[in-house]
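K.L.:
The following block contains the structure, expressed as structure tokens.
The values are calculated or read from the model by the stated rules, or taken from the named source; none is laboratory data. The structure displayed is predicted, hence computed values, not measured ones. As a convention, Cβ positions derive from the backbone with ideal geometry for all residues, glycine included, and neighbour counts pool all protein chains shown. Keep in mind that these areas ignore ligands, DNA and RNA; they rest on the heavy atoms of the full protein, side chains included. Shrake-Rupley method; radii C 1.70, N 1.55, O 1.52, S 1.80 Å.
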Amino acid sequence: QVQLVESGGGLVQAGGSLRLSCAASGHSVSSLAMGWFRQAPGKEREFIAAIRWSGRTYYSESLKGRVTISRDNAQNTGYLQMSSLKPEDTAVYYCAARPDIGTNFYTGYAYWGQGTQVTVSS
């Protein structure tokens, strides 16, 4: 079993930046790809970015350029740096993990954190 704990959410003004963290623990963390998703009230969950153990990254086209995903394998921690935040970025942000195999890293996540709220004020 894999446990994921997000942190770093909060209230930020439009135009500001925020870095989210995801601490991973449990079995075979070293073989996992990590991803970030978000879900706003009344909307479906949305893919943001993913990163493989090797460091290869995948981004949502709509958010690419404003977000950067990274990971520290030694610390079993993933990060999501967000900049130029807008009120429409307000959502619960989730960290997720899945086996680092295959070619489609936009879906197929088996492990999820509890989420962290990000609120962007105008």
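K.L.:
Taking the conditions exactly as written (of a type in the set (A, V, I, L, M) and touching a Lys or Arg at 6+ places or on another chain (Cβ under 9 Å)), does Ala40 satisfy them or not?
P.N.:
Working: of a type in the set (A, V, I, L, M): yes; touching a Lys or Arg at 6+ places or on another chain (Cβ under 9 Å): no.
Answer is no for this residue.
K.L.:
Only one residue in Val29, Val5 is of a type in the set (A, V, I, L, M), modelled with pLDDT of 95 or more and touching a strand residue (DSSP E or B) at 6+ places or on another chain (Cβ under 9 Å). Which one?
P.N.:
Values: Val29 fails: modelled with pLDDT of 95 or more.
None of the others qualify; the one that does is Val5.
K.L.:
Of the numbered conditions (1) out of contact with any Gly (no Cβ under 6 Å at 6 or more places or on another chain); (2) surrounded by 14 or more Cβ atoms within 10 Å (Cβ to Cβ); (3) of a type outside the set (Lys, Arg), Met34 fails exactly one; give the number of that condition.
P.N.:
The one condition Met34 does not meet is (1).
K.L.:
I'd like the residue in segment 1-31 that is of a type outside the set (Ser, Thr, Tyr) and over 22 Å from Thr68 (Cβ atoms) and, out of all such residues, is most open to solvent (accessible area, probe 1.4 Å).
P.N.:
Top of the filtered list is Gln1.
K.L.:
Can I ask one more? Of the residues Asn104, Asn76, only one is closer than 17 Å to Ser21 by Cα and modelled with pLDDT under 95; which? Show your work before the answer.
P.N.:
Numbers: Asn104 fails: closer than 17 Å to Ser21 by Cα.
Asn76 is the lone residue from the list that is closer than 17 Å to Ser21 by Cα and modelled with pLDDT under 95.
K.L.:
Also, I was wondering about something else. Which one is farthest from Phe105 (Cα to Cα), of the residues in segment 46-85 that are part of a loop (DSSP other than H, G, I, E, B) and open to solvent by less than 30 Å² (accessible area, probe 1.4 Å)? Explain how you work it out, then say what you get.
P.N.:
To start, the set of residues in segment 46-85 that are part of a loop (DSSP other than H, G, I, E, B) comprises 52-56, 60-63, 65-66, 76, 83-85.
Now narrow it down to the ones that are open to solvent by less than 30 Å² (accessible area, probe 1.4 Å): 60, 63, 85.
Working: Ser60: 11, Leu63: 16, Leu85: 24 Å.
Only one residue fits best here, namely Leu85.
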